[in-house]
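Below you'll find the structure, written out as structure tokens, and then a few comments.
Laboratory data are not the source of any read-out in this text; all were calculated from the coordinates shown. Keep in mind that what you see is a predicted model, and the values were worked out from it rather than measured. Reconstructed Cβ throughout: ideal geometry from the backbone, glycine too, with neighbour counts over all protein chains shown.
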Amino acid sequence: MDRRRTSNLLLCANSALTLAAGLAAAWGASPRLAQWLWITGALPVLAALAAGLISRILRRDFGLDVIALLSILGALALGENLTAAVIALMFATGQALEDYAQARARKEMSALLSRAPRTANRYEDGGICQVPVAAVNPGDRLLVRVGEIIPVDGIIISGSAVLDESALTGEPLPVRREPGDTVRSGGTNAAGPFDVLATTSAAESTFAGIVRLVGTAQQAKAPAARLADRYALLFVPLSLAVAGLAWLAARDPARALAVLVVATPCPLILAVPVAVVSGMSRCAARGVLVKGGAVIERFAQARSLFFDKTGTLTGGRARLVSIEADPRFGSGEVLRLAASLDQLSQHVLAAAIVSCARDRGQPLSLPTGVEERPGAGITGTVDGRRVVVGNHAYVLEFAADAEWSGRFLQRMGYEGATGVFVAIDGTMAGALLLADEIRPDTPRALRLLRKAGIERIVMLTGDRRDTAETIGAVLGVDAVFAEQAPADKLNAIKASPTGGTAIMVGDGVNDAPALAAADVGVAMGARGTAASAEAAGVVLLVDRLDRLAEALHIARRTRAIAVESVALGMGLSLAAMAVAALGYLPPVEGAVLQEGIDVVTIVNALRALRIAPLRGGRGSLDAAHADRLRSEHDELGPILDQVRNAADRLATLPAATIRNELVELDHVLHDRLLPHERQDDSELYPRVAHMLGGDDPMAAMSRTHREILRLARLLHRMTEDLPPEGPDTAAVRDLQRVLYGLDAILRLHFAQEEEIYHSLADAA
Ligand code: ADP
Ligand code: MG
């Protein structure tokens with residue numbers, strides 16, 4: 001690449017110097033010397049063109065340079081050495097311009113590569129040694145100083161870290177990590193020094209993976225070639241025909257030369273790759289890695305979208321809601337054994353189960369003899385017991401069904417929750433009910449994707465039908481395919497009706513075949529598995545689905561700009577050819593004009609670097625603020641659970657204790673929840689309304705606040721009115737009605753607020 005660049009610059013310099021020297025010689029009345037100087041300027045370019053053309057023909061590639069070659073040859077043959085020298089200079093500067101545009105277009109991606117860490121500071125008996133990253137092994141203790149890049153993936157062991165991960169994710173704000181948190185290589189230490197325990201070698205680290213992906217992305221042949229080749233096949237004979245006709249009509253070979261000089265195929269050769277690479281760079285700056293220009297082109301034409309559910313539409317950070325356990329084992333043991341086994345799985349739910357077990361202080365053991373079936377489950381031996389963890393159908397292959405499982409499955413379906421079954425030594429021992437919430441950005445992402453032209457959205461999941469359908473209904477997808485094994489996912493993609501291309505988005509090993517088969521595979525790279533990132537054409541480096549909509553928007557605009565640049569350049573070029581054929585444009589002026597056309601085309605194509613992000617409204621919530629609002633909701637979460645629990649238990653509680661229970665709940669509501677809602681209404685909503693624009697956009701949300709206040713007040717009065725011996729059956733039913741109503745409204749309200757804040761925070 002660099003050698004090419006230097007040789008182009010040398011050609012440029014040679015043509016410019018000889019042209020200038022020749023002009024000086026001609027002025028100084030030594031015309032013979034001038035002619036020789038101009039020939040010296042033209043010949044190296046001619047040689048470079050010929051060499052390039054031959055090597056392309058050997059690769060069975062069609063060369064558009066043939067027109068430039070013919071015009072220099074023609075000029076020399078006609079003794080128009082000055083013209084030859086001018087064309088040579090224009091061609092050489094055109095090449096240098098191409099190099100510049102390509103480099104500019106790739107800037108963000110190259111920036112990513114140049115950040116690759118080379119050394120690490122390792123603690124070695126008593127001191128710190130600087131070692132090459134390749135020498136780092138899992139288990140090494142490393143020091144990361146301020147401003148340094150984290151060399152390998154690891155766990156923070158001392159000091160809390162503030163990391164700038166913007167190069168990886170496009171998120172401008174630094175993130176904080178505490179001891180015990182995992183960190184990915186590639187982030188920059190933005191505050192004090194901290195120690196990490198390496199968990200991978202450099203080659204297996206996140207950043208090395210990204211670097212490999214970028215490498216393949218840059219090598220992939222741009223679709224430009226394909227598009228250009230198609231038109232070139234027409235363009236070359238067309239220019240030759242026009243040149244021939246002009247020659248015949250005017251009986252002057254110089255006419256043909258004039259036509260060829262302006263017949264510049266550069267818009268075709270340059271505009272498309274420059275636009276496409278600019279678009280890729282733009283995506284990279286937003287944390288979306290697109291592997292190659294061909295992917296952008298297919299991406300831009302997408303009409304249908306397939307989504308995996310767990311880990312893609314949902315966050316995969318599942319919360320353990322309840323454990324059903326055979327009393328012979330007990331819920332603690334069921335969780336401990338399942339989590340021990342799942343330590344060796346890459347499945348998103350496995351990670352959630354392990355962290356739930358850790359949070360509950362369960363000591364985990366290392367399993368042996370482990371075997372996993374992607375998308376189904378995992379088996380192995382833990383502490384001498386044969387453990388099977390996975391979906392219902394998979395665990396049934398190893399153990400007979402239990403009497404409670406029908407009820408459990410039904411509950412999963414009603415709540416749209418995910419269940420993981422556990423068998424121990426051939427007995428169905430228990431099941432974990434996991435609430436895997438839809439990502440806050442999913443609804444917005446789906447809306448934006450539809451706005452960007454996606455006509456059909458399909459959910460493909462390995463999970464059970466009723467759970468999948470509950471989630472599908474919430475999201476409003478067009479179709480739900482449940483209980484899909486990896487091969488079924490693949491077939492679903494292959495069978496998708498053609499007409500527009502199909503995108504598949506997924507995170508797991510079980511999605512990899514489908515990702516590879518789709519026209520465009522999109523992997524959730526931030527927390528998804530390496531296998532999915534390798535199989536996919538697009539990798540989301542940020543754990544946000546709405547970036548997909550943004551990338552689609554960029555791809556569409558990029559394609560539009562590419563097509564527009566070609567139309568503009570070719571239109572100008574064809575007009576110039578017509579003028580030249582009629583004899584109004586002499587070759588030398590033509591060569592200069594041709595260069596002008598190239599510049600206009602390329603500058604237009606570089607507009608793809610400035611594609612504006614997708615957003616509406618007038619302002620944005622800064623991400624720290626949005627995070628604070630979300631964490632306030634997280635803190636209030638247990639209150640919601642308390643409301644729901646009270647409602648559930650009311651009918652079975654002894655009447656005399658009901659009053660105490662409700663008084664306590666009433667205090668919590670008045671001391672913590674209602675002040676929060678009042679503050680939202682008076683301080684936050686006016687600001688949000690201003691950002692959203694329009695006429696009082698938060699009116700409906702404020703109305704919900706009033707309903708929440710009304711229900712809370714009603715509950716308060718009903719509690720006060722309770723007789724000392726507790727409520728009768730009718731009163732219990734009334735109380736339950738109020739509590740369930742409050743629970744439903746609060747949950748919906750929280751979800752709506754989070755969605756609004758999330759979309760406002762995205763603009764950063
Ligand atoms: P999706 O296709 O929606 O991403 P998966 O096919 O990855 O879902 O998973 C489907 C189901 O398989 C999960 O709901 C879970 O019950 C089960 N499962 C698969 N692998 C594992 C594992 N390693 N640990 C626990 N459960 C698993
Ligand atoms: Mg998945």
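Summary of values
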read-out: The range 319-435 - Debye-derived log10 I(q)/I(0), Cα point model, q = 0.11, 0.14, 0.15, 0.17 Å⁻¹; value: -0.29, -0.47, -0.55, -0.72
read-out: Principal-axis tilt of helix 729-761 within the chain, Cα atoms, nearest 10 degrees; value: 20 degrees
read-out: For residue 183, distant residues with modelled amide H under 5 Å away; value: 154, 155, 156
read-out: Cα-based helix-to-principal-axis angle, 623-649 vs the chain, degrees rounded to 10; value: 30 degrees
read-out: 5 angstrom amide H check on residue 148, placed H, neighbours 5+ away; value: 189
read-out: The range 118-201: relative contact order as a whole-number percent, Cα under 8 Å and 6+ apart; value: 38 percent
read-out: Size-normalised alpha-carbon gyration radius of the range 407-529, reference 2.2 N^0.38 Å; value: 1.15
read-out: Dimensions (Å) - the range 118-201, Cα atoms, principal axes, largest first; value: 37, 22, 19
read-out: Percentage of interatomic Cα-Cα distances in the range 623-760 larger than 24 Å; value: 35 percent
read-out: Rounded FRET efficiency, nearest 0.05, which uses the C-beta distance separating residue 607 from residue 50 and R0 of 41 Å; value: 0.75
read-out: Part-to-part distance (alpha-carbon centres) for the range 300-335 and the range 1-57, which is given in Å; value: 67 Å
read-out: Protection proxy ranking of 66-72, 631-637, 372-378 - average other beta-carbon atoms within 10 Å, highest first; value: 66-72, 372-378, 631-637
read-out: Backbone HN-Hα couplings from phi across the range 592-607 [Karplus 6.51/-1.76/1.60, Hz, Gly and Pro as x]; value: 5, 4, 4, 4, x, 4, 4, 4, 4, 4, 5, 4, 4, 5, 5, 4
read-out: Calculated from backbone phi, Karplus (6.51, -1.76, 1.60) coupling profile of the range 534-543 in Hz, x at Gly/Pro; value: 6, 6, 8, x, 10, 10, 7, 7, 9, 7
read-out: Per-residue HN-Hα couplings for the range 464-479 [Karplus 6.51, -1.76, 1.60; θ = phi - 60°; Hz; x = Gly/Pro]; value: 6, 4, 5, 4, 4, 5, 4, 5, x, 5, 4, 8, x, 7, 7, 8
read-out: Mean Cβ neighbour count within 10 Å, used as a protection proxy, ranking 38-45, 705-712 highest first; value: 38-45, 705-712
read-out: Beta bridges per DSSP with both ends in the chain, % antiparallel, nearest 5; value: 70 percent
read-out: Projected area averaged over orientations for the chain, convex hull of C-alpha atoms, nm²; value: 42.8 nm²
read-out: For residue 420, net neighbour charge (Lys/Arg +1, Asp/Glu -1) across residues whose Cβ lies under 12 Å away; value: -3
read-out: Listed peptides 319-327, 282-290, 651-659, 389-397 by packing density, highest first (mean Cβ within 10 Å); value: 282-290, 389-397, 319-327, 651-659
read-out: Helix-only [θ]222 nm of the chain, DSSP H runs n ≥ 4, -39500 (n - 2.57) each, per residue, nearest 500; value: -18000 deg cm²/dmol
